[in-house]
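The values are calculated or read from the model by the stated rules, or taken from the named source; none is laboratory data. In this text the structure is predicted, and so the values were computed from the model without any measurement. Here Cβ is always computed from backbone atoms with ideal geometry, including for glycine, and neighbour counts include all displayed protein chains. Surface areas here come from the heavy atoms of the whole protein model, side chains and all, with no ligands, DNA or RNA. Shrake-Rupley method; radii C 1.70, N 1.55, O 1.52, S 1.80 Å.
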Amino acid sequence: MRITIQATKVTLLTTTFCLLLLSSRAQVIQDIQNSFSLYSQSALHEKIFVHTDKSTYLPGEILWFKVYCVNGNDHKPLNLSKVVYIDILDNNQLQVIQAKVSLQNGVGSGSLYIPVTINNGNYLFRAYTNWMKNFSPEYYFEKTITLINPQKSPESVVKDASNAYDIGFFPEGGTLVNGIEGKVAIKAVGHNGKGVALSGVVINQHNDTIARFKSLKFGMGAFSFTPASNNTYKAIIKIGDKVITKDLPEIANQGYAMKLTDDGSGQLDIAVNSTENSTGTLYLFAHSKQTVTAAQSAYISNGAAHFKVSKSALVEGITHLTVFNDAKQPLCERLYFKRPAQQLVIEAGTDRQQYDLRKKVSINLTAKDLSGKALNPDMSIAVYRTDSLQTLDYNDIFSYLWLKSDLKGSIESPEYYFKNVNAESDQALDNLMLTQGWTRFKWNQVLSNKPVEFSFLPEYDGHIINAKIVNTETGAPAKDILTYLAIPGKRVQLYTSRSDSSGHLIYNTKNFYGPNEVIDQTNNLIDSTYRIDFISPFSEQYSKTPLQKFEFTGGMQDALLDHNLSTQVLNIYSGNNIKRFYDPLIDSSAFYGAPFKTYKLDDFVRFTTMEEDLREYVSEDNIYKTKGKFHIKVLTGTGFLDGGDPLVLLDGIPVFNVDKIFSVDPLRVRKLEVINERYFYGPSEEEGIFSFTTYKGDLGGVDLDPRAVVIDYEGLQFQREFYSPVYDTEAKAGNRLPDFRNLLYWSPTVNKQGKDAVSFYTSDQKGKYVGVIQGITANGEAGSQYFTFEVK
């Protein structure tokens with residue numbers, strides 16, 4: 001009986017221990033999942049793809065583009081940010097062209113004029129939102145464009161220099177550990193930014209060959225070996241006729257090594273090995289697009305733990321596989337890619353394969369899903385001539401959203417991994433995943449469970465102008481100071497902001513388009529010792545993506561002469577046609593909406609002073625003087641407002657010294673709009689509004705306060721009209737004005753239901769032409785298509 005009781009106690013203790021162990025495992029998994037979910041909810045992920053009309057430009061040409069902004073989780077168009085920023089950077093990361101472009105429902109379009117002062121070279125075209133500035137610039141949209149100036153000699157390129165190749169090694173999981181077999185990916189990139197074919201061996205300090213390797217595609221390959229303690233290793237790499245020696249990454253004496261095996265059975269085997277003889281539990285998290293798709297625990301036995309993950313449980317695209325210990329510390333990580341099925345199929349073709357000059361080209365577009373059901377994507381299209389200078393641009397929205405947008409650095413020919421589905425492309429794809437190393441997540445930040453702090457707000461209503469106010473006497477940031485920012489023009493635009501503890505000012509503008517002056521000031525009757533400095537809205541962070549050197553070859557010379565002549569002819573004969581812009585069709589009313597009453601002074605007999613006009617005709621005011629200074633009391637339906645003067649505007653600019661208004665010649669004032677109620681506008685509280693508008697918009701001769709900040713500021717870009725002549729009659733076709741267009745057609749909006757017919761006319765330029773179509777549906781299905789034809 002005593003033996004039975006003791007056995008029962010042992011069983012109960014064992015059962016209790018197992019339950020506690022399972023509970024502890026479940027708690028760790030739940031804690032990590034909760035932390036990841038909390039972080040993901042606050043760190044909304046935007047992705048941007050930009051379709052440019054082509055990729056090579058000369059001074060005087062216009063670069064056309066369409067912006068697609070989507071939710072990084074499902075690729076659906078995202079109506080969050082209303083502004084996208086465009087930079088063109090040179091090799092020194094200097095911004096040579098910039099623009100702010102309006103976004104509506106996740107799409108926008110614009111154009112950039114290439115200046116005549118540009119230097120020859122490859123440039124980085126990048127796009128991002130204000131919200132994306134909170135994260136790494138590695139995830140901005142980036143593509144290389146070429147700008148060639150025929151008036152400037154191209155720089156000579158030094159080839160085959162000793163440092164011409166960038167070679168890197170990437171251990172699977174992040175670390176090589178002595179005594180544990182590990183896989184290492186290798187990647188070699190030439191001076192032109194392209195991968196280079198290589199082969200080589202790994203040797204130890206005794207010159208013994210430990211492993212052999214060679215690249216498979218785009219300069220990437222992989223090899224496996226087991227490093228031994230007290231040994232050193234080097235790689236002898238052969239690229240062409242060059243032999244390069246490189247050290248392997250540092251090898252740890254203790255740690256964890258990760259190995260993923262896809263045996264084709266529908267499951268991934270993930271082994272984690274360690275030299276430590278400790279016991280414990282490891283945890284595997286598979287997450288993609290800010291969602292955990294698999295979470296498992298495995299007990300370490302004989303220094304190893306194994307996980308089995310069903311590929312059917314993984315979502316399409318890139319999955320991050322991260323292993324943690326009991327202390328929730330990330331130990332190793334690698335990426336796995338599951339090819340997505342392309343749900344948007346775009347078919348496009350011309351009605352003929354060959355055309356004469358100035359003839360109509362008709363293109364039939366069809367958009368459908370894999371089952372043949374018609375879809376209604378938002379599409380953009382460009383048709384341009386190809387030659388030795390301008391080749392086909394293979395950047396497409398599908399491969400960008402599914403692959404490039406989630407990886408760091410330049411990805412060579414991403415379309416290869418989607419158009420080729422075989423054993424070689426599978427291996428090449430896995431090599432690409434291995435060369436990425438650790439990814440975007442900073443797990444210490446994710447697992448801290450602290451609210452994520454963001455420095456940049458999403459521009460949900462329009463462009464945000466940032467500034468900083470400082471005390472001119474002390475140089476310290478000024479706190480709690482009310483400021484007024486005005487944008488002079490036909491529409492009264494005024495924005496207010498009160499500085500925070502660091503002196504930061506935020507002005508949430510709306511429908512601010514085009515170049516203009518902005519005037520920022522404090523109420524100089526109250527706050528007169530402050531200076532306001534504007535902060536550039538463009539990102540000052542840069543990715544590490546190197547730009548390849550531009551190489552001008554002899555075969556490009558004839559094409560360059562032809563392009564240069566075409567550009568000059570187009571600007572001379574069609575200059576007015578390419579300088580037309582669309583009206584943005586925005587509400588022209590003032591920020592305060594419909595006024596209580598509008599006084600058009602021409603409707604009254606004019607007096608010689610503004611004081612007399614206001615006293616005789618305006619019934620919502622009481623004019624009086626105190627200590628020789630004019631003041632205005634605003635009359636409401638129940639009596640006078642009991643505060644100070646109203647907010648007085650002259651051509652939209654605040655005038656705090658009311659005496660200046662009374663000094664204006666009333667014959668120069670066209671109208672007065674009155675708000676006769678207390679008006680709350682952002683942080684400001686005003687005792688009504690008196691808004692005067694002059695005939696010429698010149699402030700009626702009133703001088704601005706010298707302490708006001710006046711700067712030239714570019715608002716959102718006006719949309720330029722694309723010039724495409726029509727030769728639908730013999731008279732038009734016989735017009736003797738030359739038509740040297742290389743870009744025959746550009747449209748950022750081709751989105752009719754099911755299929756759409758696009759038509760345009762050829763120019764006087766013979767040659768081979770290519771059409772490129774990019775598009776995405778409301779459900780996030782992306783696709784692209786190419787077509788070609790010839791003009792003789």
Number of positions in segment 308-321 that are assigned to a helix (DSSP H, G or I) and closer than 14 Å to residue 334 by Cα: 0
Residue match in segment 491-506 (condition: of a type in the set (Asp, Glu), on the phi < 0 side of the Ramachandran plot and either assigned to a strand (DSSP E or B) or at pLDDT 95 or above (or both)): yes
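Do you know which of the residues in segment 587-606 that are out of contact with any Lys or Arg (no Cβ under 9 Å at 6 or more places or on another chain) and in contact (Cβ under 8 Å) with a residue 12 or more places away in the chain is most open to solvent (accessible area, probe 1.4 Å)?
596
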Qualifying positions in segment 337-363 - closer than 14 Å to residue 744 by Cβ, open to solvent by 60 Å² or more (accessible area, probe 1.4 Å) and not charged (D, E, K, R): 357
Meets criteria (surrounded by fewer than 14 Cβ atoms within 10 Å (Cβ to Cβ), more than 21 Å from the chain's Cα centre (by Cα) and at pLDDT below 95) for residue 528: yes
Breaking point among (1) touching a Gly at 6+ places or on another chain (Cβ under 9 Å); (2) farther than 30 Å from residue 583 by Cβ, for residue 509: (2)
Single unsatisfied condition, residue 661 versus (1) β-branched (Val, Ile, Thr); (2) touching a helix residue (DSSP H, G or I) at 6+ places or on another chain (Cβ under 7 Å); (3) more than 30 Å from residue 480 (Cα to Cα): (3)
Residues (in contact with a helix residue (DSSP H, G or I) (Cβ under 8 Å, 6 or more places away or on another chain) and among the acidic types (Asp, Glu)) located in segment 588-611: 611
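Yes or no, residue by residue, for (1) buried (at least 20 other Cβ atoms within 10 Å of the Cβ); (2) without any contact (Cβ under 8 Å) to a residue 24 or more places away in the chain; (3) in a loop (DSSP other than H, G, I, E, B); (4) among the small types (Gly, Ala, Ser):
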residue: 293; (1), (2), (3), (4): no, no, no, no
residue: 297; (1), (2), (3), (4): no, no, no, yes
residue: 306; (1), (2), (3), (4): no, no, no, no
residue: 323; (1), (2), (3), (4): yes, no, no, no
Residue match in segment 430-447 (condition: surrounded by fewer than 18 Cβ atoms within 10 Å (Cβ to Cβ) and of a type in the set (Ser, Thr, Tyr)): yes
Residue match in segment 400-422 (condition: over 30 Å from residue 109 (Cα atoms) and either of a type in the set (S, T, N, Q) or crowded, with 18+ Cβ neighbours inside 10 Å (or both)): yes
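Would you check if there is a residue in segment 180-191 being at pLDDT below 90, under 32 Å from the mean Cα position of the chain (by Cα) and open to solvent by 50 Å² or more (accessible area, probe 1.4 Å)?
Yes, segment 180-191 contains a residue that is at pLDDT below 90, under 32 Å from the mean Cα position of the chain (by Cα) and open to solvent by 50 Å² or more (accessible area, probe 1.4 Å).
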Residues (among the polar types (S, T, N, Q), out of contact with any helix residue (DSSP H, G or I) (no Cβ under 6 Å at 6 or more places or on another chain) and over 27 Å from residue 339 (Cβ atoms)) located in segment 269-316: 273, 274, 275, 277, 278, 279, 301, 302
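Counting only residues that are without any contact (Cβ under 8 Å) to a residue 12 or more places away in the chain, give me the strands (runs of 3 or more DSSP E) lying completely in segment 200-265 with at least 1 of them.
Ranges flagged: 209-214, 242-247, 256-262.
Sort through 265, 224, 278, 301 and tell me the only one that's at pLDDT 90 or above and either open to solvent by 30 Å² or more (accessible area, probe 1.4 Å) or of a type in the set (S, T, N, Q) (or both).
224
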Residues that are touching a strand residue (DSSP E or B) at 6+ places or on another chain (Cβ under 9 Å) and in contact (Cβ under 8 Å) with a residue 24 or more places away in the chain, drawn from segment 622-641: 630, 631, 632, 634, 635, 641
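Take the conditions in a strand (DSSP E or B), under 27 Å from residue 689 (Cβ atoms) and either of a type in the set (A, V, I, L, M) or touching a residue at least 40 places away in the same chain (Cβ under 8 Å) (or both) and apply them to residue 525. Does it pass?
No, not satisfied.
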Cβ pairs under 7 Å, 6+ apart, first in segment 704-718 and surrounded by fewer than 15 Cβ atoms within 10 Å (Cβ to Cβ) and modelled with pLDDT under 95, second part of a loop (DSSP other than H, G, I, E, B) and not aliphatic (A, V, I, L, M): none
Flag if residue 511 is in a helix (DSSP H, G or I) and either open to solvent by 30 Å² or more (accessible area, probe 1.4 Å) or modelled with pLDDT of 90 or more (or both): no
Check on residue 537, closer than 13 Å to residue 465 by Cα and crowded, with 16+ Cβ neighbours inside 10 Å: yes
Scope segment 547-587; condition hydrophobic (A, V, I, L, M, F, W, C) and touching a strand residue (DSSP E or B) at 6+ places or on another chain (Cβ under 6 Å); matching residues: 547, 550, 581
Residues located in segment 216-226, provided they are farther than 22 Å from residue 274 by Cα and touching a Lys or Arg at 6+ places or on another chain (Cβ under 8 Å): 218, 219, 220, 221
Residues (outside any strand (DSSP E or B), open to solvent by 10 Å² or more (accessible area, probe 1.4 Å) and in contact (Cβ under 8 Å) with a residue 24 or more places away in the chain) located in segment 364-390: 369, 370, 375, 376, 387, 388, 389
